[in-house]
Structure formats: C-alpha cells, structure tokens
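What follows is a single structure, written as structure tokens, with notes after it.
What follows is calculated from the coordinates using simple rules that are stated; it is not laboratory data. Quick caveat, the model's predicted, so the values are computed rather than measured. Positions of Cβ are backbone-derived with ideal geometry, glycine not excepted, and every protein chain shown enters the neighbour counts.
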Amino acid sequence: MSLVEVDRSAILASTPAAYQIRAATVDDAAALLALYNRHCQHYTSSFERSLELQTYHLQYARNPTMVALSGQGQIVGYLRYGQEDDVHVGREIAADNWDALHALLHYHASVFEHDKAPNSLQYLLPLDSPMAHWMIDTLEVPDTSHWDSPALEWGVRGTIYHHRFAGWMARLTDLHLLMRSILPELQARWRRSLAQWTGDIALTVAGETCTLQVAGDDVQIVATPTASTAHLELTPQAVVQLVFGYRALSRLTNLAHLSDDTSSALSILFPTGHTWIPASDWF
C-alpha cells in the first residue's frame, strides 16, 4: 500500500479554480466508472468494474463520495474519504486535471472544525501517479519559519508500506492457465515496446514448463521448447512476485546463463511497479 500525505496548510494556501463540489448520487455512476477506468484500470490487480457494481458502491457506500464539476457541468473528479477517526484519509481519489484535484483537496481540507483540524491529510495513491506528481509540483507550505532543517521537512511526502513477500496470499496452481490468462497483457507490453527480438523462452515452475515464443512484434505460447530455447526456472513464490511486478526478475533468480537480449525481453514482458489496488477494490 502507498499513500501521499499533504500538509493541510499547503492545500489551503491558494484558492482553487471554480469547480463545483457536491455529493455523488447514483445518477453519477457512469461518470465515476469512466474516471475509475481512466485512472485505475491500467494497474495490475484493479478489477473489471461494471456499471451495476459502481451503482452499488454509490448506493450503499459507508464513506462520503464527493464529485468535482467543471464549468460545463461535467464530472471530472471524485473523492471518497473516511469517517469518524479517518475523515483525514482520502480512501480513493481520481481527477482528470490539477484544477479538479485541487478543488477536491481544498474541499477535503475544509470539512474539519477549526480546533479539530489535522495538520495533514492522507490520500491512498500510487506514488508515480499523475495526481501525486501534481501535488508535489504545485503545493507549497506557506509558512516555513518553524522548520529546523528544510531538507527534512515537507509539504508533500509519500509512504510505502511493505510486508515480507508483499503480504500476498497468492498461490500458483496452474502455470499454463496463468500464462494463457496474462498472454494478452504480455502481447500488449511487447508491442508497446516496439522491440523486434525473436526467440523462445521456457519458464519452468515446480516441474511444469510453459514456453513463450517471441517473433518480431508478437508473443505466443507454443507447445514445446526447441534446442535454441532459453530456459528459466522459478519457484512458485517467485513467479507470483514476477507476474505482479513486485520484484525484478534479476532479484528473483540468477540470469547469468541468459543472453543480454533474452534478459531484456523478459524485463519488457515482466516489468516492475505496475500493481496497485484501489481502496474500493480491497478485499
């Protein structure tokens, strides 16, 4: 899990653009679903969400959901924050531009009674998300006279929570089924890379082998390896971390026997840092 913590005074230091903020209703489900898909769906472990599920989230939500409306009345952002002791936590936030995001942050920073206002607000976000970057690039603490060491102070800071093996309770049951399931994503990654390498890579996990054939701009699964196939053996635990991008392949096994081109191809097919689960998908 990762979160972005923002000094509340930095949010309130400037006036947001004229975006209307109001409570979401079930009639907003389609617009919120579109925002969710734009900002969350490209992360591994986000869920395929239907309009019915989005409507359910709004109809029975325990946490307040606010939306930001542009001057044309379009919903361009939403914020779902906690209750009681967690009001300062933005459990899920999505915005198409900085002005909409700032309006949502400003609203959130203003919901507290003066004597109960926290010094900072927290937002569950990937640290590499555009919204995190907008906050870092734009927000500034107005009064730094109390800072002892500026290098150790902050207006925005990111935190990542780690657990051994990422705390995942995932187990590989069928390597071939797994590889067939993720093949469309592997193909998309390879095509986006514009790489043109050709070769076969056989992955062996717990005695089961699946061979990927890379040819030009395409990736397929083939029945059997050939004499020239590169071979790589992984533990079941390692392949789960590889698929979800928690560790680079070079940290999971020895790649010294592979050619540089093969190692590069594997790094394209199995990149790191692409997994994140929005709070509304927690289970």
Open item on the list: Quick check on the exposure proxy: order 157, 8 from fewest to most C-beta atoms within 10 angstrom.
Closed with: 157, 8
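What is the fewest-to-most order of 177, 3, 101 by other Cβ atoms lying within 10 Å of their Cβ? Don't skip to the end; give the middle numbers.
Working: 177 11, 3 20, 101 25.
Exposure proxy ranking, most exposed first: 177, 3, 101.
Taking 0.36 nm per intervening residue step and subtracting the Cα-Cα distance, what contour gain separates residue 15 from residue 62 on full extension?
Between residue 15 and residue 62, full extension yields 14.0 nm more.
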Open item on the list: Just to be sure I understand the model, the point goes 7 Å from the Cα along the line to the Cβ. What's the resulting residue 228 to residue 153 distance in nm?
Closed with: 6.3 nm
Open item on the list: How charged is the neighbourhood of residue 238? Take every other residue with its Cβ under 13 Å from the Cβ of residue 238, and add Lys/Arg as +1 and Asp/Glu as -1.
Closed with: +2
Task: Where labels lie 7 Å past Cα in the beta-carbon direction, separation of residue 25 and residue 45 in nm - done: 3.6 nm
Task: segment 14-173: mean projected area of Cα convex hull, nm² - done: 12.4 nm²
- [ ] Sort 106, 42, 57 so the one with the fewest other Cβ atoms within 10 Å of its own Cβ comes first.
- [x] 42, 106, 57
Open item on the list: Can you compute 3J(HN,Hα) from phi for each residue in segment 6-19, using the Karplus curve 6.51 cos²θ - 1.76 cosθ + 1.60 with θ = phi - 60°, rounded to whole Hz and x for Gly and Pro?
Closed with: 10, 4, 4, 5, 5, 5, 7, 5, 10, 7, x, 5, 6, 9
Task: Most mobile listed residue (95, 206, 24) in the chain, GNM with C-alpha springs under 10 Å - done: 206
Task: Helix 175-193 axis, angle to the chain major axis (alpha carbon atoms, nearest 10°) - done: 70 degrees
- [ ] Go through segment 131-147 residue by residue and turn each phi into a ³J(HN,Hα) via Karplus (6.51, -1.76, 1.60, θ = phi - 60°); whole Hz please, and just put x for glycine and proline.
- [x] 5, 4, 5, 4, 4, 4, 7, 10, 7, 8, 5, x, 10, 10, 5, 8, 6
Task: GNM top mover of 129, 145, 181 - the chain, alpha-carbon springs below 10 Å - done: 145
Open item on the list: With a 10 Å cut-off between alpha carbons and a GNM built on the chain, which of 193, 149, 259 moves the most?
Closed with: 149
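Under the rule of -39500 (n - 2.57) per DSSP H run of 4 or more residues, summed and divided by the residues of the chain, what mean residue ellipticity at 222 nm is obtained, to the nearest 500 deg cm²/dmol? Could you put the intermediate results ahead of the total?
Numbers: 9 runs with 88 residues, N = 283.
The helix contribution divided over the chain gives -9000 deg cm²/dmol.
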- [ ] Give the long-range amide H neighbours of residue 68: residues separated by 5 or more places, or on another chain, with amide H under 5 Å away, using H modelled in the peptide plane at 1.01 Å from N.
- [x] 76, 77, 78
- [ ] Normalising by the residue count of the chain, find the relative contact order in percent from Cα pairs under 8 Å and 6+ residues apart.
- [x] 21 percent
Task: Answer label, with Cα Rg over 2.2 N^0.38 Å calculated from the coordinates and candidates (i) 1.12; (ii) 1.20; (iii) 0.95 - done: (ii)
